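I have placed the structure first, in the form of structure tokens, so that the comments after it can refer back to it.
The values are calculated or read from the model by the stated rules, or taken from the named source; none is laboratory data. Note that the coordinates shown come from a computational prediction; the quantities given were computed from them, not determined experimentally. With ideal geometry, Cβ positions are generated from the backbone for all residues, glycine too; neighbour counts draw on all protein chains shown. Quick note on the areas: whole protein, heavy atoms, side chains included, nothing else; ligands and nucleic acids left out. Shrake-Rupley method; radii C 1.70, N 1.55, O 1.52, S 1.80 Å.
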Amino acid sequence: MSTDTNTDDESTSNCGASTNDSASSGSTCGAGSSGDDSNSKCGAASGSSSSSSSCGASSSDDESDSHEQEVGATIEDFDADPGQLTAVGLGPGHAEGMTERAKTALLEADHIVGYTTYIELIPDEITEQADEIYDTPMCGEVSRTEESIDRTLAGNDVAIVGSGDPNVYALAGLALEILESKGATASMVDFDVVPGVPAAQSCAARLGAPLVNDTVSISLSDHLVPMPEIESRLHSVASENFTITIYNPWSRKRRENFEKCCEILLAHREPDTPVGIVHGAGREDEQVVITELGELEDLGESDVIDMTTTILVGTEDTYVWDDRMVTPRGYETKYEY
């Protein structure tokens, strides 16, 4: 197994296709590089010279408010028979939480691509079997996904991984969009999705039974959705009797987003509404807290709430019993027990 690093070697193609330019091309996928001195590692054509980003994003910010490179290479840039592309959900973050189907898909992949933190969640016995591991830090979702596609179009069987489920605030949809933009098709790469346990479900399991009735998920990340739109969604959802699952609640940049969220929830829900907080579900630093909505904002300054935390806000019927959240399904209205 070899791990890709941010090297500046000339023409370091690892996928067997030829590069169109010999001037310091760092492409690992063999797609054409259109500019001089390009260190693009996703095989896309770089539109400007002296590009040193290894994840397709600006390095001026520690969050995802970065400028992605445009998708470059197209299906015409590859002459190999495409491999298979699989989006794999790792589940909550520990080996026991991965499905057997996910483990099998990863073992069968030639290359595994993902965000560094997610790659680190994969058991060593799986990563050691891969021909290539490609990971990037928290930036460049588009270029990371394109990397997986370019490797697939170059003839490799590739797994792109994420925590939870690939269809829940993740990259399965983006992979299909980029495939289309390249002139390829999902059938061409036998695109498949291996589901994983989403954070909402793994966190609910640690809290009791908070999600057995109608529920809605909201992400406080304003990387792709502007905060005014998130606020509008929160008002709409909080005014209905749904359990609310909140993803990406807190970071240094999103302190105000979290505070505004608490304000909106309190405008529609009672302060004693039960709230479950799970930090790092299934990981070594897991923390589980059950509190009340009126106390939630103060916990924003604590280490229990960050970008690995999921928050579940109960309905008007949710209650706490024996240190567990319970949201009635409604059976009591039809049956005696």
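Tabulated data
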| read-out | value |
| --- | --- |
| Mean separation of Cα contacts under 8 Å (6+ apart) over length of segment 137-201, as relative contact order % | 35 percent |
| Rounded FRET efficiency, nearest 0.05, which uses the C-beta distance separating ASP81 from GLU286 and R0 of 45 Å | 0.55 |
| FRET E, pair ARG255, HIS94, Förster distance 35 Å, beta-carbon r, rounded to 0.05 | 0.75 |
| Segment 75-197, accessible surface, carbon-and-sulfur percent (1.4 angstrom probe) | 46 percent |
| Solvent-accessible area, 1.4 Å probe, carbon plus sulfur percent, for segment 200-326 | 44 percent |
| Average accessible surface area per residue within segment 75-197, 1.4 Å rolling probe, Å² | 40 Å² |
| Cα-based shape type of segment 75-197, given that a ≥ b ≥ c are square roots of the gyration tensor eigenvalues and the cut on a/c is 1.5 | prolate |
| For segment 245-323, accessible area per residue (1.4 Å probe, heavy atoms of protein chains only), Å² | 49 Å² |
| For segment 91-133: rounded, prolate or oblate by the Cα gyration tensor [a/c cutoff 1.5] | oblate |
| Leading residue at positive end of dipole, segment 200-326 (Cβ point charges), from VAL288, ILE277, TRP250 | TRP250 |
